[in-house]
């Protein structure tokens, strides 16, 4: 896990070492163990290393091929590097034990097709010094970031946006559609845009070539084309998940698990205990002892008799207030919830004990874990006239959850797309009507995420348009504390077969993630295996924003001239909503957080 940066000049000007160093200085947290630069005429590359595999100086980057033709900067892990190295050793002599050298030789051996041989998370750039060309690629699901800025004079890239901003001639303008999607739908990162106009990201499953100063982007991985043979049984699912976890234990530094108490992270812990006897495992959890709604201690404590090194952190309104400047710098773009702060505190807790963490990210998108998937499933059954199953599943849902949320989502998903946008707007009347009218037709959220025709279709849409913002937040939170976060559920072998399964392996009789529950029978604690709720890294933000120091802080922002003049939010309506939140008549904490996060982002990055 590392930070990469680069500049390709198209106008004949040489790249200066100072520019590359300036970019790298914005990302020191990503690579505290080593740093390096490569400057050759109009090309500049920078690398910051967090040492994970082969801790020696042999892993220094930028790394050259043994014939010095190719230069690579690389961020990520290739988990099957041992197997690939064995195969590639028939042609190449290896000088290190790193996966970086395996990657550069894989490209020399297979060319672009090397990507299909990789099991891992990655964003890398390889420069061909002979042909003066670049090959740049990103992993299948977007686990590792790659941002770039392109104009007629330069192509600039980096692992994080602040590194780009450091060398731009002028600050970019805010991207209004990204702000609209953030306020209206709580969504970010569903396309190649960022909150900074002109700053783009290479999409997951894509590669980029620069040849003769021309930039071209191609797709190398399309999940919809890989759907085929499903798992034959829950035991095969479990074996594949266990294999994924085993691969992600490859490391020369300590590994731990972010344990929320939910089904996904608990599955990883249980497999580590059952299959690999990891009783010395370090786990890291956020707990909220004063909350009846978001605290998951009762589930986390199921492991107290099996684990010897359990660590806990207690995020609070006071810690968030104190951490706010650092947390906002870590992300550099607005985030729609303080749940990312809970993960931030877990990573801070972990940094003193491990260098690598595992967690359950991606399982909800893979196994229909979000409760609105019930609405998608009900819609599919109704539209395909499977009325007996439709009635049966709704009855099970109501009996189990004592809720009508799934039915509400069914009704929402049945609406025409134009009305779906109006429903979202009616829930957020604080958004200025003129801003809504200007951007509603430019947003693709409703078409891409809220129009799925079946569970399988919905899962594909989530991998294509939703998952990446969660992966970005995890990358930022972990790397801010110089940690590598690994996500076993996103092994492509697991994902491709999971998304090929029939409906009842996802949802059945009111329960989600059926195949995971069945596969871990007698392995996962029953209290967790039979959980019907979903919490994740939620916080007690509704109470935090009703008390000091946030009460005064939020009021100051809502009454500030800059907030009033932005033009996105009707400040008078926002003030009234906050008043209702303070007296307890509504819980508007998520909207309040979005307002203050957006305003602080403007002040730090745009107003300068």
I'd like the antiparallel share, as a percent to the nearest 5, of DSSP beta bridges with both residues in the chain.
80
Just from its helices, what would the mean residue ellipticity at 222 nm be for the chain, if runs of 4 or more DSSP H residues each count -39500 (n - 2.57) and the sum is divided by every residue, rounded to the nearest 500 deg cm²/dmol?
-12000 deg cm²/dmol
Theoretical FRET efficiency, 1/(1+(r/R0)^6), r = Cβ-Cβ of residue 89 and residue 352, R0 30 Å, to 0.05
0.20
Between region 99-134 and region 349-419, what is the separation of their alpha carbon centroids in Å?
39
Geometric extent, Cα atoms of region 496-608 - Rg, Dmax (angstrom)
21.4, 59
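Which semi-axis lengths, in whole Å and largest first, follow from the square roots of five times the eigenvalues of the Cα gyration tensor of region 480-550? Can you show the working numbers first?
Working: eigenvalues 198, 79, 34 Å².
Values for region 480-550, descending: 31, 20, 13 Å.
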I need the peptides 547-559, 322-334 ranked by packing, meaning the mean over residues of other C-beta atoms within 10 angstrom, with the highest value on top.
322-334, 547-559
Semi-axes of region 13-153 from the Cα gyration tensor (sqrt of 5 times each eigenvalue, largest first, whole Å) come to 23, 17, 15
Contour minus Cα-Cα span, residue 212 to residue 385, at 0.36 nm per residue, comes to 56.6 nm
Over all directions, how big on average is the projection of the convex hull of the alpha-carbon atoms in region 101-141, in square nanometres?
2.9
Suppose the chain between residue 607 and residue 411 were pulled fully straight at 0.36 nm per residue; how much longer would it get relative to their current alpha carbon spacing?
66.4 nm
Suppose the Debye formula is applied to equal point scatterers at every Cα of the chain; what is log10 I(q)/I(0) at q = 0.05, 0.07, 0.09, 0.10 Å⁻¹?
-0.21, -0.43, -0.73, -0.92
Calculate the FRET efficiency for residue 226 and residue 130 from the Cβ-Cβ distance with a Förster distance of 25 Å, rounded to the nearest 0.05.
0.15
Stretchable slack from residue 251 to residue 586, in nm (0.36 nm times residue separation minus alpha-carbon distance)
115.8 nm
Kirkwood Rh and Cα Rg combined as Rg/Rh, region 374-464
1.04
In whole percents, the bins of 10 Å from zero upward hold the Cα-Cα pairs of region 545-606 as 22, 59, 18, 1
Give me the distance between the Cα centres of region 1-40 and region 147-193, rounded to whole Å.
18
Determine, from the Cβ-Cβ distance of residue 312 and residue 552 and an R0 of 35 Å, the FRET efficiency 1/(1 + (r/R0)^6), rounded to the nearest 0.05.
0.70
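Read the figures in this text as sums done on the coordinates, not as results from a lab. Note that the structure is a prediction, hence the values are computed from the model and not measured. Neighbour counts are summed over all protein chains in view; Cβ atoms, including those assigned to glycine, are modelled from backbone coordinates with ideal geometry.
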